[in-house]
Amino acid sequence: MLALVSDYELPPPPRIMGVLRAEWRVHATALDDLKLIGDSLDWLCDTKDCVVWSKDRSFHGPVMNIGSVRLNRKKMAMNCLKRLGEEVHRDLLKDGLDMRIDDEKNLHVRISLSGLVRGEVKLSKLGANEASVKGTFKIESYPGDNHLEIITDLVRGMT
């Protein structure tokens, strides 16, 4: 008797791990162009009016504007990670992702604010005295998974 293809059980497709959510945070002074910064973050996140602004006093006294973006959908968070671009992905891999991942399985990235408003996404240099936008990406991994391997494979696949 011949076996039909439907008689065989196919293995489930491999599960592609990704990013569960993303968050961006930026600090701006009263002199900064908040609309320009907001538009730049809208472009990076590929959505409209995603920045929520709040005011707080800095340690030295002046009022600071704090902009934050939360992308709670996996697809939006993945697209945001992709929009960082191949150059940033290569730099992340070259520098090593292990130093950017915390105990909560978050990948931390800082990009240059001045570059972002010019339409250029570049990693901020360590120790550089420049304004930056801080990004946090929650890595999708489960007990027994190696979250460093997962995010490395994901970023490598984007280059």
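The values are calculated or read from the model by the stated rules, or taken from the named source; none is laboratory data. Owing to the predicted nature of the structure, the values given are computational and were not obtained by experimental measurement. Don't worry about glycine lacking a Cβ; one is built from the backbone with ideal geometry, like all the others, and counts go over all protein chains shown. Protein only, heavy atoms only, side chains kept; ligands, DNA and RNA dropped before computing areas. Shrake-Rupley method; radii C 1.70, N 1.55, O 1.52, S 1.80 Å.
Scanning region 40-65 for residues that are surrounded by 15 or more Cβ atoms within 10 Å (Cβ to Cβ), of a type outside the set (Ser, Thr, Tyr) and not in a helix (DSSP H, G or I) turns up 50, 51, 64, 65.
Residues that are in contact with a Leu (Cβ under 8 Å, 6 or more places away or on another chain), surrounded by fewer than 18 Cβ atoms within 10 Å (Cβ to Cβ) and at negative phi do occur in region 71-88. Just the residues that are open to solvent by less than 50 Å² (accessible area, probe 1.4 Å), within 23 Å of residue 139 (Cα to Cα) and not small (Gly, Ala, Ser), please, taken from region 109-125. Listed by number, the residues that qualify are 109, 111, 121, 123.
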